[in-house]
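The values are calculated or read from the model by the stated rules, or taken from the named source; none is laboratory data. Owing to the predicted nature of the structure, the values given are computational and were not obtained by experimental measurement. Cβ sites come from the backbone with ideal geometry, for glycine too, and all protein chains shown count toward neighbours.
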Amino acid sequence: MNFPAIPNFEISERVHKALCYTVYAATDLRSGNRVHLRVLDPNLSREEQSASAFLAGARLVKHLNHPNILRVYDYGEENRLFYVAVEPTRYEPLSSLILETFSLSLKDFLDIFLGIGMAVRQAHLRGLIHGLLHPKCIYINAACDIKIDHFGLQWTIPHVLQSRSKAALYQAKYLAPECFLDPEKADGRGDIYSLGVIMFEMLSGHPPFEGESIEEIRDGHLSGKIPYLDCTALDLPFEIEAILAQSLAKNPLKRFQNFKEYLDLLGELKPAAQTFDISDDSVETTLESIQEETGRNGKRASGLARWDLAAVFDRIKPTISGKRLALPALAFLVIGVIFLVFRLWSPSTPTNDTQTQAAENEPSQALVSNTPIFIPQEEQILEPE
């Protein structure tokens, strides 16, 4: 495969095609660091406005230098190839923690959204908003450390709204209503809305508005009613419903006006974490005390178990690790079954059971032990608190 020729970088593979650029795995020959090179699509490279916005966004992010925001190492242009060198990450995308049944502890749930909010707030204070926050551009590890990607890409929002790709439909689910009307007028309160969408999805397993087209999703954000979410049924403080309602207000004036307001209110729930967090073997013994302390009546929704973040990672790790190998592994499994059936019905010499068992275990062992580097995708905007 022919890779773009960019001085000071040695490209090893193409890893991702985003809406407006392609991501390559590369090595910075000056430092020896591994990077992800975002190379602007040729058709956009010919548009002066898009090319300038691409580099301007990278310049702003490079000066952030925040531990919870993926770093931009370098950016530039070479023979009309516009590129940005970004820090790769081994953290997992937040999307991997979104399950059909909410099972995080309240402490970890609060830590996740406090961590995201504090990181985005620091960007706001330095004049940079995100604009397209979604679970695939937020990364997390088992210690609840956060990394946020795709700052500096606000200019791509019109392309999202005009595209019919699956990536655009996904990103549109998290856009603030005002972004559909006039992306240039969106400010930091749009990030609060997007984080509200992510919080809703974390709790319910799906975003509040979905659709088969950009128009259908837009109508939901602009005029659709937020589906009711009963936090008490999830054994969570009812105050989270109020935080969601204010975050997801369609009118920016009715939302939290900055992330300090959001973080202050969310932080007030931290003392409640010890009361609400319940492990699987303590449901029955703690239910009465929780009802007494909170004044809530009724029974636990379904004996919901609470898992700490490390336990959740343990549960989903095989799924995460195997995503890129899923289809090859399935094909290998089918071939293996056919081979075994053939051997069983064949009159030839029986196989050695020990050797056969070891051979069967190898693919699953590789599947679990494989730890892919998760490739950032793309999105962004600008504004101070």
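Residue count for region 151-205 under the criterion of being aromatic (Phe, Trp, Tyr) and either closer than 13 Å to Ile129 by Cβ or at pLDDT below 95 (or both): the result is 3.
When region 73-113 is limited to residues that are among the aliphatic types (A, V, I, L, M) and farther than 15 Å from Ile6 by Cβ, the one that is nearest to the chain's Cα centre (by Cα) turns out to be Leu94. Selection within region 1-46: residues that are of a type in the set (A, V, I, L, M) and not in a strand (DSSP E or B). The member of this set that is nearest to Pro158 (Cα to Cα) is Leu19.
Taking the criterion of being within 14 Å of Val160 (Cβ to Cβ), surrounded by 20 or more Cβ atoms within 10 Å (Cβ to Cβ) and out of contact with any Leu (no Cβ under 7 Å at 6 or more places or on another chain), would at least one residue in region 193-216 satisfy it? No, every residue in region 193-216 fails to be within 14 Å of Val160 (Cβ to Cβ), surrounded by 20 or more Cβ atoms within 10 Å (Cβ to Cβ) and out of contact with any Leu (no Cβ under 7 Å at 6 or more places or on another chain). Would you confirm whether any residue within region 215-235 is closer than 19 Å to Ile116 by Cα and in contact (Cβ under 8 Å) with a residue 12 or more places away in the chain? Checking region 215-235: not a single residue is closer than 19 Å to Ile116 by Cα and in contact (Cβ under 8 Å) with a residue 12 or more places away in the chain. Of the residues making up region 37-49, at least one is over 24 Å from Leu161 (Cα atoms) and either buried (at least 18 other Cβ atoms within 10 Å of the Cβ) or β-branched (Val, Ile, Thr) (or both).
Checked against (1) out of contact with any helix residue (DSSP H, G or I) (no Cβ under 6 Å at 6 or more places or on another chain); (2) modelled with pLDDT of 95 or more, Val120 meets all criteria but (1). Applying a threshold of 6 Å to beta carbon distances and a minimum spacing of six or more residues, or different chains, the list of pairs starting in region 145-169 at a residue that is under 23 Å from Gly220 (Cβ atoms) and ending at one that is in a strand (DSSP E or B) reads Gln154/Ile381.
Within region 59-79, the only residue that satisfies the criterion of being in contact with a Pro (Cβ under 8 Å, 6 or more places away or on another chain) and within 17 Å of Arg34 (Cα to Cα) is Leu70.
Inside region 67-87, residues that are outside any strand (DSSP E or B) and either at pLDDT 95 or above or buried (at least 19 other Cβ atoms within 10 Å of the Cβ) (or both) make up a count of 4. Among the helices (runs of 4 or more DSSP H) confined to region 88-192, the ones with at least 1 residues that are of a type in the set (Phe, Trp, Tyr) are located at 106-125, 166-172, 177-181.
Residue count for region 212-259 satisfying the condition of being hydroxyl-bearing (Ser, Thr, Tyr), farther than 30 Å from Ala273 by Cα and part of a helix (DSSP H, G or I): 1.
Pairing residues of region 175-189 that are in the same structural domain as Leu133 (by the TED database) with residues that are among the basic types (Lys, Arg), at Cβ distances under 8 Å and at least 6 apart in sequence or on separate chains, gives Ala176/Arg189; Pro177/Lys250; Glu178/Lys185; Phe180/Arg218; Arg189/Arg255. If you go through region 137-150 and keep only what is modelled with pLDDT under 95 and under 16 Å from Met199 (Cα atoms), you end up with just Cys144.
Selection of region 50-66 for residues being in a helix (DSSP H, G or I) and buried (at least 16 other Cβ atoms within 10 Å of the Cβ) yields Ser50, Ala51, Ala53, Phe54, Leu55, Gly57, Ala58, Leu60, Val61, Lys62.
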